[in-house]
Amino acid sequence: MTAAWIGNPLNSLVVKKRSKIGAVQYYEVLVASKNYRGGNLIYSFDGTLVSGNAVTVPLKSKTVTAFVVGMVKKPVFKFKPITELLSERPLPAYCLELAKWLSQYYACSMGEALSLLAPTKTLAKKQEDSAVLTRVSEQKIDLSEPLTKDQASAISKIGGSKNTTTLLHGETASGKTRVYLELASQTLKAGRSVILLTPEISLTSQLERATNQLASPVRTFHSQLRPGQRRKLWLNILESREPMVIIGPRSALFLPLPNLGLIVVDEAHEPAYKQEQSPRYRTARVASQLGQLAKAKVVLGTATPSIDDYYLASDKKAIVTMTQPAIRAISAKGSGVQIVDLKDRSQFSRSPYLSRELLKATSEALNAKRQVMIYLNRRGSARLILCKVCGWQLLCPNCDLPLVYHGDQHLVRCHSCGHKSAPPAFCSNCHNPDVIYTTAGTKAIHDELARHFPKAKIARFDSDNIRGQRLNELYDQLHSGKIEIIVGTQLLAKGLDLPKLQLVGVVTADTSLALPDFTSEERSFQLLYQVIGRVGRGHGHGRAIIQTYHPDSPIIIAAATKDWQKFYRHCIAERQNFRFPPFAYLLKLSCKRASSAGAAKSAENIKKQILQLGLAVQVIGPSPSFWSRRGHYHYWQLTVKSKDRQHLVDIARQVSGDWRIDLDPVGLL
């Protein structure tokens, strides 16, 4: 036996009395490994450690990170020595407190929660690497420029609020980044550190430029750093004696930053802030909890808040609004949003994907030496079923959600309740047989643009980009306008500020609306609103062209007119009617099996077990997952609703380990 189970994972954080340096002592530690689900262990160390010290320990055949709880008496069983003390400086107390909360709130093991705090996923030997320190361009946001009235008001309200967390609802181009910088500057002057979170690694370049003139050091932390870089930076942050600024995606939230004073979650509505591996946390919720533990301010900044966040912030009176543009536009001539009806095929005589109006506007922008952005939804291949003539869409008779076509079985399914039927041979509204099932992807659009504009420099940005072609690596070319036409997916909607961008074209605005999920309308509005907001930001006039099969859709009209309140009233009424968040909590359970019948049987069995508990919950399904077959496996899922979140936590604790557990999912696909 190498170690012993002690019991309560955090029974004490009290630092034991120091012993004589060099004497062998025995310490209770918390193991930071996703593969470890036991309790605390005991190891020996030749010297004195304190609560919160990060160490490495042998665990079976591997070496893993662990955190010291405290000193204990010599055990009566065999034990192994601690391999290495990573730093004499212990973690801030709130780090381990946050891990304990994560374990309880998201029904995961302490090992899984603590793995978020570890310096690397697979610990590497110490190595020097100067690339760890952030190097940014000379471009700056001028902090000497006078604040707008909205910016000054927002800074005052956030600073004076009694709420730990504030939702900063600022329209695109209202200058939210300037507010972040002013709050960061105030925090740093008070001797406290700052975390600035972005939804994607690719957006760190823009925030690096923004923070270039802050007085304190700026560090960037993300998963693309090599293990040695991550470890060195982690230790640099832990051992720092001065306040600093950390920029990064959601993983940066778990760095051992002493004296934390401010957390900013930029583009807080983005689904990328949801962790897809256990613990499957939501970044905004964890940031709010960390803010309470560290007594730090938390700002959730976005132009399109999530329905949940807005509802809860309204209840707590914790919303600060910004509507005034930070920079007055040079000219309003030619600005605006135009909607093109995809059903009017006379508009598509030159291209099956790009309307005559969009091609004409692209040509005009290129002739004026300006940039063009052509946007597609990431799920451009979603199997939506709609009529090209009247725009009719096939919906589930039970859930009013879009039905999805499965070509392998030639049937349509609802991925919420499990309803299935044969696909339609014609439109049930106008009886036209011209029903479509697919849409074009980014590669097809890129090739179509290259055919029409062979001399233009075109770049495509999506999840298929290889190293050297990613958005953050080509950001300077984008910002300078060297890349003339930008083709891409959701990544383009996330906070980019491109001075030479004049035109945004949305190829098919309906794709997100066709997804069989309760968040499809919300996500469609957010994406359209955000991508339209890339133009008309004060650098010159801008124009957006939206192609859609549903030009009269209230969601598309609300996004085109930037009418957030109209959209919110529509969605909150729908959520309340069908008992979706924020009016109920959700637990999504999914399994994979070698056969569809096996997955269906497992799902039915787990449903029976849940109902036998007698809790006040509603079980929806089971049904095949949206992607019902991946590789050799078949996937099924069910959803549990309840007004009491603890009921869902109790269920999650009892589900067998081969089931995927997702508390508070951002969607049900």
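The values are calculated or read from the model by the stated rules, or taken from the named source; none is laboratory data. Since the structure is predicted, the reported quantities are computational estimates derived from the model, not experimental observations. Cβ: placed from backbone, ideal geometry, glycine included. Neighbour counts: every protein chain shown.
Could you please find all residues in the stretch 251-280 being surrounded by fewer than 23 Cβ atoms within 10 Å (Cβ to Cβ) and either closer than 19 Å to Ala303 by Cα or hydroxyl-bearing (Ser, Thr, Tyr) (or both)?
Ser251, Pro271, Ala272, Lys274, Ser278
Among the residues of the stretch 164-199, how many are outside any helix (DSSP H, G or I), of a type in the set (A, V, I, L, M, F, W, C) and more than 22 Å from Pro325 (Cα to Cα)?
Qualifying residue count for the region: 5.
Tell me which residues, restricted to the stretch 628-643, are over 16 Å from Arg280 (Cα atoms), in contact with a Leu (Cβ under 8 Å, 6 or more places away or on another chain) and not aliphatic (A, V, I, L, M).
Hits for the stretch 628-643 are Gln637, Lys641, Ser642.
Scan the stretch 88-117 for residues that are surrounded by fewer than 16 Cβ atoms within 10 Å (Cβ to Cβ) and in a loop (DSSP other than H, G, I, E, B) and jot them down.
Glu88
Do we find a residue being closer than 19 Å to Ser306 by Cα, within 19 Å of the chain's Cα centre (by Cα) and among the aromatic types (Phe, Trp, Tyr) anywhere in the stretch 559-569?
No, there is no match, as no residue in the stretch 559-569 is closer than 19 Å to Ser306 by Cα, within 19 Å of the chain's Cα centre (by Cα) and among the aromatic types (Phe, Trp, Tyr).
Would you tally the residues in the stretch 337-354 being under 17 Å from Asp434 (Cα atoms) and either outside the structural domain of Thr508 (by TED's automatic domain parsing) or not polar (S, T, N, Q) (or both)?
8
Taking interchain pairs and intrachain pairs at least six residues apart, which have beta carbon atoms under 6 angstrom, with the first residue in the stretch 305-326 and outside the structural domain of Gly175 (by TED's automatic domain parsing) and the second buried (at least 19 other Cβ atoms within 10 Å of the Cβ) and of a type in the set (Phe, Trp, Tyr)?
none
Just the residues that are assigned to a strand (DSSP E or B) and of a type in the set (D, E, K, R), please, taken from the stretch 639-669.
Lys641, Arg660, Asp662
Run down Arg192, Arg241 and say which single residue is outside the structural domain of Gly533 (by TED's automatic domain parsing), charged (D, E, K, R) and at pLDDT 95 or above.
Being outside the structural domain of Gly533 (by TED's automatic domain parsing), charged (D, E, K, R) and at pLDDT 95 or above holds for just one of Arg192, Arg241, which is Arg192.
Can you say whether Phe77 is surrounded by fewer than 21 Cβ atoms within 10 Å (Cβ to Cβ), in the same structural domain as Leu96 (by TED's automatic domain parsing) and either out of contact with any helix residue (DSSP H, G or I) (no Cβ under 8 Å at 6 or more places or on another chain) or not in a loop (DSSP other than H, G, I, E, B) (or both), as far as the supplied structure shows?
yes
Kindly list the number of the only condition in (1) at pLDDT 95 or above; (2) touching a Lys or Arg at 6+ places or on another chain (Cβ under 9 Å); (3) buried (at least 22 other Cβ atoms within 10 Å of the Cβ) that fails for Ile651.
(2)
Being in a helix (DSSP H, G or I), touching a residue at least 60 places away in the same chain (Cβ under 8 Å) and of a type outside the set (Asp, Glu) is the filter here, so list the residues in the stretch 357-372 that pass it.
Passing the criteria: Leu358, Leu359, Ala361, Thr362, Ser363, Ala365, Leu366.
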